[in-house]
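**Q** The following block contains the structure, expressed as structure tokens.
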């Protein structure tokens, strides 16, 4: 058992290290800084203190959470399996003594850690810029709530996109369609349809944790604990599903016969 966990930590570290290197890293860092640059641009117009603070806080749910976080997690999570399957290198890892469920878990944990390195600063830096530029000071509840929401979004999206990368060659396209169409459009439908999106539970969580301010007006039929349970459950479901599927899929793309 000790050896298995040692191999798990090795896969996690390799996944983390592989995710945070190369030109892709610079692109993702630049993308993660977009909300901060927008708040800096707003601050340069010298708005009122409360307007500046509210704009930085509101930007989290308009841009940082549904777009920046989603795209960063998509790129990092899909590549965990899809790149290795396409390059025919996953075969070597799957033939080692580590079990396939541990490979899935290790890659999930590694990509999760890598995404958090980018997503958490993307959530908090706009608040820091607004405060330093003269905005109204935030209570400790605001950065804590944004950090929790960003981490849970990373966990849930990460599990889903990791699964997509394992089962589909079109995972990146499917993930983009899911993020920009399903998550954005279904939440606008009447009735209980919005509950089929992850962003519904993230907004539910924020509204429950921050009962006042720009993030307090969302539908919140669940308590914060209930919303967290749903988001963690989604992550666990897709990681477990990926572990099951990985037992049966080919670890190298099928070649056409000559």
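The values are calculated or read from the model by the stated rules, or taken from the named source; none is laboratory data. Please read these numbers as outputs of a predicted model, since none were measured by experiment. All Cβ positions, glycine included, derive from the backbone under ideal geometry; neighbour counts span all protein chains shown.
**Q** Has the range 195-207 got any residue that is more than 19 Å from the chain's Cα centre (by Cα) and part of a helix (DSSP H, G or I)?
**A** Yes, the conditions are met somewhere in the range 195-207.
**Q** Considering 91, 118, which residue is at pLDDT 95 or above and under 23 Å from residue 239 (Cβ atoms)?
**A** 118
**Q** Okay, moving on. With the checklist (1) touching a helix residue (DSSP H, G or I) at 6+ places or on another chain (Cβ under 6 Å); (2) more than 21 Å from residue 72 (Cβ to Cβ); (3) in a helix (DSSP H, G or I); (4) free of Cβ contacts under 8 Å to residues at least 40 places away in the same chain in hand, flag the one item residue 220 doesn't pass.
**A** Condition (3) is where residue 220 drops out.
**Q** Something else now. Of the residues that make up the range 162-176, is at least one under 30 Å from residue 50 (Cα atoms) and in a helix (DSSP H, G or I)?
**A** Checking the range 162-176: not a single residue is under 30 Å from residue 50 (Cα atoms) and in a helix (DSSP H, G or I).
**Q** Also: Within the range 204-217, take every residue that is touching a helix residue (DSSP H, G or I) at 6+ places or on another chain (Cβ under 7 Å), free of Cβ contacts under 8 Å to residues at least 40 places away in the same chain and over 17 Å from residue 50 (Cβ atoms) and give me the one that is surrounded by the fewest Cβ atoms within 10 Å (Cβ to Cβ).
**A** It comes out as 208.
**Q** Here is a follow-up. How many residues, within the range 1-57, are under 30 Å from residue 98 (Cα atoms) and outside any helix (DSSP H, G or I)?
**A** Going through the range 1-57 one residue at a time, the tally reaches 3.
**Q** Tell me which of these residue 11 doesn't satisfy, since it passes every other one: (1) surrounded by fewer than 20 Cβ atoms within 10 Å (Cβ to Cβ); (2) modelled with pLDDT under 90.
**A** (1)
**Q** Right, something else. I'd like to check something: does the range 137-157 contain any residue that is touching a helix residue (DSSP H, G or I) at 6+ places or on another chain (Cβ under 9 Å), within 16 Å of residue 52 (Cβ to Cβ), surrounded by 24 or more Cβ atoms within 10 Å (Cβ to Cβ) and modelled with pLDDT under 95?
**A** Taking every residue of the range 137-157 in turn, none turns out to be touching a helix residue (DSSP H, G or I) at 6+ places or on another chain (Cβ under 9 Å), within 16 Å of residue 52 (Cβ to Cβ), surrounded by 24 or more Cβ atoms within 10 Å (Cβ to Cβ) and modelled with pLDDT under 95.
**Q** Which of the numbered conditions does residue 164 fail, given that it passes all the others? Conditions: (1) more than 19 Å from residue 115 (Cα to Cα); (2) under 18 Å from the mean Cα position of the chain (by Cα); (3) modelled with pLDDT under 95.
**A** Every listed condition holds for residue 164 apart from (1).
**Q** Residue 122 is checked against (1) closer than 23 Å to residue 213 by Cα; (2) surrounded by fewer than 23 Cβ atoms within 10 Å (Cβ to Cβ) and fails just one. What number does that condition carry?
**A** It is condition (2) that residue 122 fails.
**Q** Restricting to the range 125-136, give me the number of residues that are surrounded by 22 or more Cβ atoms within 10 Å (Cβ to Cβ) and over 17 Å from residue 61 (Cα atoms).
**A** Within the range 125-136, residues that are surrounded by 22 or more Cβ atoms within 10 Å (Cβ to Cβ) and over 17 Å from residue 61 (Cα atoms) number 1.
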